[in-house]
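Read-outs throughout are calculated quantities, based only on the coordinates presented, and are distinct from any laboratory measurement. Quick caveat: nothing in here was measured; it's all calculated off a predicted structure. Glycine gets a Cβ as well: all are built from the backbone with ideal geometry, and neighbour counts include every protein chain shown.
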Amino acid sequence: MVKMLVPYPENCTGCRFCEMACTVYHDGKVNHADARLQVHRRNVKVDFPSVCTHCVSCGEDCCVLHCPVEAIKKEDGIVRVNQDECTACGTCVEVCPFGVMRMEEKAFNCDLCGGDPTCVKFCPMKAIVYEEPKPEQYEKVKKLLKEV
Amino acid sequence: MKGYTGKILKIDLTEEKSHERTFDEGYARKYLGGQGFAVELVYHGVPKGADALGPKNVLAMAGGTFDGFPVGTGGKVAFAAKSPATGTLAESIMGGSIGPELKHAGYDALEIFGKAEKPSYLWIDDGTVEVKDASDLWGKDTREVPEILKKRHGWDVKVACIGVAGEKLSRLASIDCDDRQAGRAGLGAVMGSKNLKAIVIRGTKDLVPADPKKLLEIALRYQKIYEAAPSFVEDTKYGTGEFLGWVNKDRGVFPTRNWQEGVFNEREKIDPYYWATRYVTKNKACFACTKPCGKLFEVKSGKFAGVAIDGIEYETLYSLGGACGNSDVESVARANELCDLLGLDTISAGVTVGFAMELFQRGIITEKETGVNLAWSNASDAVPRMIEMMGNRSGFGDLLADGVKVAAQRIGKGSERYAIHTKGMEPPAYDVRGMKGHGLAYMTSTRGACHLRAGFYAPELVGKFWKWEGIDRFSAVGKGFMVSQTENFMCVYDSVGLCKFSRGFYLIAKLPEVVEAIAGLKFTEDELLKIGERIHNMKGSFNAREGVLRKDWLLPARVLEEPIPEGVSKGSKISIEEMNLMLDDYMKARGWTSDGVPTPEKLKELGIE
């Protein structure tokens, strides 16, 4: 069974701990903009996490399809950016429907922490779960993102 | 120096100028962060006798040492100023995300002084600082303001703002961020007096911990401890009001109808065990909180349909509920929402309404003056209406908008007797007649009656805490020393930026490894407590300088003279002898004079100038 990050917006409290844990794990520092997932705390009623679905739920907006230099490929179910080929054009950041393709000098994205996602470990509310992909959950997040 | 930004931003609103002050490791070791930094800035920044609502007052804001880092419940921000409510150095702590954001913008603290010429807001975008026109925001509520500012500056900015009550200089005015409030001691009025409607921050800089691996290891360890604790389930299900029934039934210290009683006979209707399943639609958390007690409380139908708040907290269930004899939880929620939107502290505002209701009961005021039927039986209707009038300073609300002490002076006719406060601040939800050490803590709290300066309710209600067991809540003996110790404990907590609901998990002895992983600074438990002692002494020294002495700390007459009339604490009160014994013990434990003045030797020992 392929496992992915699955967001549960209804469980998210908006604490943003997952973002911090993500960047400390990957980069040894905290910077929310570099987190490979994003928490949106919109108002008293709405908080939700937006995660990289590794294009199991992207449809035609997929970063893999849009990369003009084909630097983004899906291998073993995981979307990876080839850092040598990336030209930092920003196309993938623009098209990602979840807003979680990140860019510093080159594009980068979630790597599922090698199969043991840090964000999941730190979410006590089960707002992000590592399990079989659930398209209906991805649709919920897409809908919330469109409401901005 | 890791963990800290090493910079404090000083802003002069009169001249519309700002400059950065850098600090070194010595400063961090001395004051730690958060409350420590904020208190230092006010202590050294406010001249003697300055008007709390004048341009010389300083409003300080500081993120805790842990702010911005993954430490469960460690995202608190401290505000401090000379309080318009008490005339003392007062801090107010909140869980909004503005503290971490400030650190990402490159500053550990802000020091704001002067007065803007016209309604303004501060816009801090990483390193750049602007004072901007807020004419269009004046009069707007605490949800409208961030909505407008986020549309203008981007959805990722963080906004702390005041409501109409702060603009109108109510001594009960709060500061709001993310539906969380720095409520106490009227710091919202300090913002209002400076024509400062909001502080808007965007921070995108890196925060680098000294030892990232160790930090994540600690964070994960505590995450497991939290999740295994029974309180995790209770807090996430019922919020802070979880123990409301127990405080009433098993301890009999839930101040009711303006402290006339210690048990609320209709408590079941406001108990979260009743309302959580009916009204809570979602859990909410402060920044970085992984054991959330916040609740989205929504009223879907009826007279109060449309109410949606992060609440209702235990304190508010008391102040807008029990203290006003209000057993309609929807009305409590609406009054809570009005407090949040208008920018009023729910504790002080509710206690003030309860005070007016007792005056009404006694015929000292009537509907002719108030315009509202303030009978206990009409609480459901009266409480939200009075809150709205207080926030807007309309009608009788104007008279109440500065709290019970000022209202009693205005009303006269013996109403002082029913004004429950210490140092001019209304007390929180523990009837100290049945918990005497906590009564001492209400007096010694530097910002007026407060449950969180010493947090002594927990040791007395449970009977054990930290180094002590078998604590007798009905005894005054030995409390002076214990309260002085827990005050130091809490000063450390507010400085690192941890939520006090974590204090059972992280006793001070557990903090040095966290500070080291973040900042690379080594401390022992005793060294941290020494910092706490320093912070408390600075506040004590400031207050003594402003002429607030022991004679001004005393408990209200009701606590000293009228025993709790019923329930398990029936017959208990704090006698004048007990009060004096506890105060004498406390002064000795602190090394202060019997009048409550920190001695020059004590200040020298702590390195306070």
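Observations, loosely collected:
- With each label modelled as a point 7 angstrom along the Cα→C-beta vector, the B:Glu117-B:Ala557 pair spans 5.1 nm.
- With both residues required to sit in the range B:7-202, DSSP beta bridges show an antiparallel share near 75%.
- With the convex hull drawn around the C-alpha atoms of the range B:312-383, the volume per residue stands at 74 Å³.
- Sparsely packed trypsin sites (Lys or Arg not before Pro) within the range B:495-554, loop by DSSP, other Cβ within 10 Å at most 15: B:Lys522
- Set of lysines with alpha-carbon distance to B:Lys303 below 30 Å, sequence-local pairs under 8 removed: A:Lys45, B:Lys140, B:Lys168, B:Lys237, B:Lys269, B:Lys282, B:Lys284, B:Lys295, B:Lys368
- For the pair B:Glu144 and B:Asp526 in one chain, pulling the backbone fully straight at 0.36 nm per residue adds 133.0 nm over the alpha carbon distance.
- Each peptide in B:274-283, B:81-90 receives the mean, over its residues, of other Cβ atoms within 10 Å, and ordering these scores from highest gives B:81-90, B:274-283.
- Exercise: per-residue mean of other protein chain Cβ atoms within 10 Å, A:122-129: 4
- Intensity falloff of the range B:138-235 expressed as log10 I(q)/I(0), Debye formula with alpha-carbon point scatterers, at q = 0.16, 0.19, 0.25 Å⁻¹: -0.80, -0.86, -1.11
- According to the Cα-based calculation, Rg over Rh for the range B:276-361 is 1.00, with Rh computed by the Kirkwood formula.
- DSSP-assigned coil residues among GluC sites (Glu not before Pro) in the range A:47-105, each with at most 12 further Cβ atoms within 10 Å: A:Glu70, A:Glu104, A:Glu105
- Between helix A:17-27 and chain A there is an angle of about 30 degrees, using the helix long axis and the longest principal axis of the Cα atoms.
- Using a Gaussian network model of chain A in which every pair of alpha carbons under 10 angstrom is joined by a spring, one finds that among A:Asp84, A:Asp34, A:Asp116 the greatest mean-square fluctuation is at A:Asp84.
- Neighbour-count ranking [beta-carbon atoms within 10 angstrom, fewest first] of B:Asp12, B:Asp526, B:Asp310, B:Asp235: B:Asp526, B:Asp12, B:Asp235, B:Asp310
- Using only side-chain charges placed at the Cβ, +1 for Lys and Arg and -1 for Asp and Glu, the dipole size of chain A relative to its Cα centre rounds to 600 debye.
- Relative counts (whole %) of C-alpha pair distances in chain B, using bins that are 20 Å wide: 22, 59, 19, 0
- In terms of overall dimensions, the protein assembly as shown has a Cα radius of gyration and Dmax of 25.5, 84 angstrom.
- Chymotrypsin sites (Phe, Trp or Tyr not before Pro) within the range B:441-530, DSSP loop, no more than 15 other Cβ atoms inside 10 Å: B:Phe474
- Greater than 22 Å apart at Cα, pairs in B:Lys158/B:Lys194; B:Lys467/B:Lys530; A:Lys29/B:Lys205; B:Lys30/B:Lys423; B:Lys118/B:Lys405: B:Lys30/B:Lys423; B:Lys118/B:Lys405
- Which of B:Met582, A:Met20 has the fewest Cβ neighbours within 10 Å, and the rest in rising order: B:Met582, A:Met20
- Quotient of the Cα radius of gyration of the range B:522-609 and 2.2 N^0.38 Å, N being its number of residues: 1.38.
- With the helix formula -39500 (n - 2.57) applied to DSSP H stretches of n ≥ 4, chain B reaches a computed 222 nm mean residue ellipticity of -11000 deg cm²/dmol.
- Over the C-alpha trace of the range A:4-146, radius of gyration and Dmax come out as 14.2, 43 angstrom.
- With a Förster radius of 22 Å applied to the C-beta separation of B:Lys249 and B:Glu469, the computed FRET efficiency comes to 0.40.
- Of the DSSP H helices in chain B, those whose Cα atoms cover at least 15 Å axially and whose Kyte score averages 1.0 or more: B:346-361
- Dimensionless Rg/Rh of the range B:432-605 - Kirkwood Rh, Rg from C-alpha atoms: 0.99
- Arranged from fewest to most other beta-carbon atoms within 10 Å of their beta carbon, B:Ile508, B:Ile364, B:Ile162 become B:Ile364, B:Ile508, B:Ile162.
- Folded to 0 to 90 degrees: helix A:135-146 orientation relative to chain A principal axis, Cα: 90 degrees
- DSSP beta bridge pairing in the protein assembly as shown, given as percent antiparallel to the nearest 5: 85 percent
- Cut-off under 5 Å, modelled amide H: who pairs with A:Val81 long-range: A:Asn109
- Global size of the range B:559-609 as Cα Rg and Dmax, reported in angstrom: 16.5, 49
- Intensity falloff of the range B:7-202 expressed as log10 I(q)/I(0), Debye formula with alpha-carbon point scatterers, at q = 0.13, 0.17, 0.19 Å⁻¹: -0.58, -1.06, -1.38
- Residue mean of other protein chain beta carbons inside 10 Å, B:218-228: 2
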